[in-house]
1. Rounded, prolate or oblate: which one fits segment 92-220, using the alpha carbon gyration tensor with axes a ≥ b ≥ c (rounded when a/c is under 1.5, else prolate when a/b beats b/c, else oblate)?
2. Using +1 at the C-beta of Lys and Arg and -1 at the C-beta of Asp and Glu, which of ASN299, PHE145, ALA84 has the Cα lying farthest in the positive direction of the dipole of the chain?
3. What are the lysines whose alpha-carbon lies under 23 Å from the alpha-carbon of LYS378, with same-chain residues fewer than 8 places away excluded?
4. Select from the chain the helices, each a whole stretch of DSSP H, whose alpha-carbon atoms run 27 Å or more along the helix axis and whose Kyte-Doolittle mean is at least -0.5; answer none if there are none.
5. Taking the chain as a Gaussian network, Cα atoms linked when under 10 Å apart, which of PRO196, PRO29, PRO426 shows the biggest mean-square fluctuation?
6. Tell me, in nm to one decimal, what length is gained between SER164 and MET16 on full extension, where the rule is 0.36 nm per residue of separation less the Cα-Cα distance?
7. Taking the Cα centre of segment 243-343 as the origin and placing charges on Cβ (Lys, Arg +1; Asp, Glu -1), which of ALA328, LEU275, ALA341 is farthest toward the positive end of the dipole?
8. Within 10 Å of each residue's Cβ, count the other Cβ atoms and sort LEU26, LEU158, LEU237 from fewest upward.
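None of the figures in this text is laboratory data; all of them are computed from the coordinates on show. It should be emphasised that the depicted structure is a prediction, and the values quoted were computed from it without experimental measurement. Neighbour counts are summed over all protein chains in view; Cβ atoms, including those assigned to glycine, are modelled from backbone coordinates with ideal geometry.
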Amino acid sequence: MTTTKKYNLPKGYSLMEVLLKTGAFLKNPVNFVQQSMDKFGDSYSAVLPGNRQIMWTRNPEFIDHVLRVNQRNYKKSEFTVGRASDFFGKGLVFSEGEYWRRQRRLIQPAFHRKKLMGLFGIMIKTIQDVLAEIPTGKPIDIYPFMSNLSFKVLVNSLFDISLSKELIAELNQLFDELQVFLMDESNRPYKKLFYPFNGAEKKHYAKSERLRTIMRGIIKERRASNKEFTDILDTLLNSTYEDTGEHMEEDKIIDELFVLLFAGFETTSNTLSWLLFLLADNKEIKEKLVASLKETNINETAQNEYLKATVHEAMRLYPAAWMSERVALKDDMMGEFTIPAGTHILAFFYGLHRNEKLWDSPDEFQPERFLKDGKAIKAKGFFPFGVGPRMCIGNHFALAEIMFFVHAFFEKFDVETTGQIPEMNPLLTLQPNKVLLKIIPR
């Protein structure tokens with residue numbers, strides 16, 4: 001006689017309900033998940049075709065348990081380490097296990113604070129150069145501009161070589177098109193049936209190979225140069241594995257460059273766009289921020305506590321990584337719930353950051369919630385860069401870029417609202433669909 005083990009899962013949707021509500025989910029995933037949690041609680045379950053079980057959660061203890069406390073029992077899904085890595089390689093975001101740990105140890109020194117300080121001059125100059133080209137006077141969609149700025153800052157910090165505007169634009173476009181393709185496939189897996197006929201998969205493999213060709217050319221140029229560099233590529237080329245003393249192979253370097261470009265520029269451009277929107281829409285906070293900036297020069301930006309709090313509040317309301325997924329390797333328990341092996345856990349950072357159990361007036365823009373006695377503080381349930389050993393390796397780089405930008409921007413410009421509220425476009429990151437603002441020279 002065999003018995004079926006019973007699990008205590010949170011309430012949620014049956015397979016039939018999932019099929020009926022798929023359209024609503026695809027139309028607006030963030031709002032659908034948020035509304036489902038308002039209905040079922042901070043965690044809810046759903047059954048997918050093939051009897052696959054998923055759980056969404058905005059519970060801070062649950063998320064911390066999966067991503068930090070018991071993280072060895074959870075891995076990234078096959079979509080991330082398999083399908084996405086087909087196009088972006090097996091860099092830190094798209095790898096698992098011992099391979100990931102070995103790569104992380106090798107790459108980590110490139111993002112130590114002292115190392116990053118050597119890049120600050122490059123970052124500031126790039127920001128100031130790009131800001132000189134910003135359109136002013138009439139309402140513009142500032143998201144494409146922020147995307148271009150963030151990409152140039154990252155490219156210059158990675159390579160510190162002169163790339164043409166055309167090549168930078170091509171890199172930006174290729175990464176964006178691959179991301180859209182993968183998210184569309186994830187949400188509409190039936191589209192894979194048409195690949196043999198429409199050539200979509202082959203076309204995007206070619207885009208991935210074009211990216212690799214560009215990276216190989218940059219590395220070849222660097223190796224042929226007799227100059228000294230302090231950029232991230234130089235660190236990757238000269239780092240050695242502690243167990244063998246060997247250098248990283250070129251294909252692995254390219255994989256890591258893919259991850260840094262993919263994960264680095266878009267998350268920052270999203271945050272900058274949302275931040276300017278929030279400041280334009282909250283004049284008193286903007287004026288207080290501008291007044292605080294006058295107390296420091298751009299090189300001292302990191303010491304501006306009110307700016308730190310303002311950036312944190314923008315990332316709370318619009319986290320670039322709006323969700324993260326893991327798969328349970330073995331049965332597990334979290335509070336009252338039992339989690340079967342194979343369950344997909346989706347940490348819903350957007351919902352966590354707006355959970356009224358953690359935040360007063362959670363939908364309001366209030367930088368003061370991140371201040372205590374005039375100093376910026378950490379807050380419970382605030383994970384803008386994830387949590388645990390897989391927390392974003394470039395978090396200090398991103399924060400420095402954002403703060404340098406804010407200081408440089410408000411030295412020369414003001415920003416005003418047009419009354420338009422950007423729609424969220426939740427791809428792999430939380431993009432704003434359009435951010436119409438008016439930029440005014442000072």
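1. Values: a/c = 2.01, a/b = 1.23, b/c = 1.63.
Oblate, since a/c reaches 1.5 and b/c is not below a/b.
2. ALA84
3. Once the sequence-local lysines are set aside, what remains near LYS378 is LYS114, LYS286, LYS288, LYS308, LYS357.
4. On the way: long enough: 165-187 (33 Å, -0.12); 200-224 (37 Å, -1.22); 250-281 (46 Å, 0.78).
Span-like helices, by this rule, are 165-187, 250-281.
5. Looking only at PRO196, PRO29, PRO426, the biggest GNM fluctuation is shown by PRO196.
6. Extra length from SER164 to MET16 when fully extended: 48.0 nm.
7. Highest projection toward the positive end goes to LEU275.
8. Numbers: LEU26 12, LEU158 23, LEU237 16.
The most exposed by this proxy come first: LEU26, LEU237, LEU158.
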